Amino acid sequence: MILRDLASWLLPPSGPLMLALLGLLTLRWRAGRLLLALGLLLSYALALPPVSYALMHGLQADYPPVQPSELRDAQAIVVLGAGYRSGADEFGGETVSDLALVRLRYAGYLHGQTGLPVIASGGAAPGREPEARWMAEVLADLGVRPILTESESRDTWGNAQRTAELLRRMELERVALVTHAHHMPRATWSFEQAGVTVLPAPTGAFVPRDRSWSWGMLRPQASAVYRSWLAAHEYLGLFWYRWLRRD
């Protein structure tokens, strides 16, 4: 857990900025000047729309949108959580995040098209309600029935392991997996490692609305930093799961 928390500091914008800070502190040496330049260059590049979309493309390319008819072999729909939105007083204190809402809406749509049961997978941090509870409320608002929940997981690997246990009890093995397109490589790999046959059902792909060149592409944007962070988080997560995780 500590190693994972430390690794999260490598993500933008903190990773490149720490590199630049280290260079600033060692500016008297050539290596320090190189670190400063590299940190600033990375900070700038990761804030550019073309760079952030390119990073996303590397994750999303193998997972284009699917038609409900392509999921006819699935026995259930599994939708993965994506965190809370705290301070949502209009909802009584907490609700699902904006990212999670995109996934839940798509799961509801697929349910309406296929009639398959939906499993909401999302656990809780200590002292908080399980994310699956809020996910089930949203799915119910969308008219989904039946809804099953997995509320013990803490991450994507846990989503896969705990949901696989639930599926085995239900004697099911093939699922339509709903999550964001950029998250699908890590999610699919985790579920397959748990022995589940996955039919990917990606949603929420990050793609540019206008692919033509403009000088605005060279202007740093907060939205690009966010996309770069999401992409870097997934690349780091894939490396962690495949090479460093030990369960």
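The values are calculated or read from the model by the stated rules, or taken from the named source; none is laboratory data. The structure displayed is predicted, hence computed values, not measured ones. Cβ coordinates were reconstructed from backbone atoms using ideal geometry, including for glycine residues, and neighbour counts include every protein chain displayed.
Yes or no, residue by residue, for (1) hydroxyl-bearing (Ser, Thr, Tyr); (2) under 18 Å from the mean Cα position of the chain (by Cα); (3) not assigned by TED's automatic domain parsing to the domain that holds residue 79:
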site	(1), (2), (3)
113	no, no, no
119	no, yes, no
125	no, yes, no
128	no, no, no
140	no, no, no
149	yes, no, no
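Within segment 88-104, the residues that satisfy the criterion of being within 26 Å of residue 232 (Cβ to Cβ) and either surrounded by 20 or more Cβ atoms within 10 Å (Cβ to Cβ) or not acidic (Asp, Glu) (or both) are 96, 97, 99, 100, 101, 102, 103, 104. Residue check: is residue 32 out of contact with any strand residue (DSSP E or B) (no Cβ under 7 Å at 6 or more places or on another chain), over 13 Å from residue 201 (Cβ atoms) and surrounded by 13 or more Cβ atoms within 10 Å (Cβ to Cβ)? Judged against the criteria, residue 32 is a match. I'd like to know if segment 203-217 contains one or more residues that are touching a strand residue (DSSP E or B) at 6+ places or on another chain (Cβ under 9 Å) and within 23 Å of residue 130 (Cβ to Cβ). So far as segment 203-217 goes, yes, one or more of its residues are touching a strand residue (DSSP E or B) at 6+ places or on another chain (Cβ under 9 Å) and within 23 Å of residue 130 (Cβ to Cβ).
Can you give me the number of residues within segment 98-134 that are touching a Leu at 6+ places or on another chain (Cβ under 9 Å) and aromatic (Phe, Trp, Tyr)? Matching residues across segment 98-134 total 1.
Quick one: would you say residue 164 is more than 22 Å from residue 58 (Cβ to Cβ) and surrounded by 16 or more Cβ atoms within 10 Å (Cβ to Cβ)? Spelling it out, residue 164 is indeed more than 22 Å from residue 58 (Cβ to Cβ) and surrounded by 16 or more Cβ atoms within 10 Å (Cβ to Cβ).
So which of 34, 27, 6, 40 is more than 30 Å from residue 211 (Cβ to Cβ), assigned to a helix (DSSP H, G or I) and either more than 23 Å from the chain's Cα centre (by Cα) or assigned by TED's automatic domain parsing to the domain that holds residue 157 (or both)? Steps first, answer last, please.
On the way: 27 fails: assigned to a helix (DSSP H, G or I); 6 fails: either more than 23 Å from the chain's Cα centre (by Cα) or assigned by TED's automatic domain parsing to the domain that holds residue 157 (or both); 40 fails: more than 30 Å from residue 211 (Cβ to Cβ).
Within the list 34, 27, 6, 40, the selection yields 34.
Could you tell me whether residue 229 is touching a Pro at 6+ places or on another chain (Cβ under 6 Å) and either closer than 21 Å to residue 5 by Cβ or among the charged types (D, E, K, R) (or both)? Yes, satisfied. What pairs come out if I take residues in segment 36-47 that are in contact (Cβ under 8 Å) with a residue 60 or more places away in the chain and closer than 13 Å to residue 218 by Cβ and pair them with residues that are part of a helix (DSSP H, G or I) and among the hydroxyl-bearing types (Ser, Thr, Tyr) whose C-beta lies under 9 Å away, six or more apart or interchain? Going by the 9 Å Cβ cut-off, the qualifying pairs are 47/228.
From 186, 133, 128, grab the single residue that is surrounded by 14 or more Cβ atoms within 10 Å (Cβ to Cβ), charged (D, E, K, R) and in contact (Cβ under 8 Å) with a residue 24 or more places away in the chain.
Being surrounded by 14 or more Cβ atoms within 10 Å (Cβ to Cβ), charged (D, E, K, R) and in contact (Cβ under 8 Å) with a residue 24 or more places away in the chain holds for just one of 186, 133, 128, which is 186.
Residue count for segment 42-87 under the criterion of being of a type in the set (D, E, K, R) and either over 26 Å from residue 191 (Cβ atoms) or buried (at least 19 other Cβ atoms within 10 Å of the Cβ) (or both): the result is 0.
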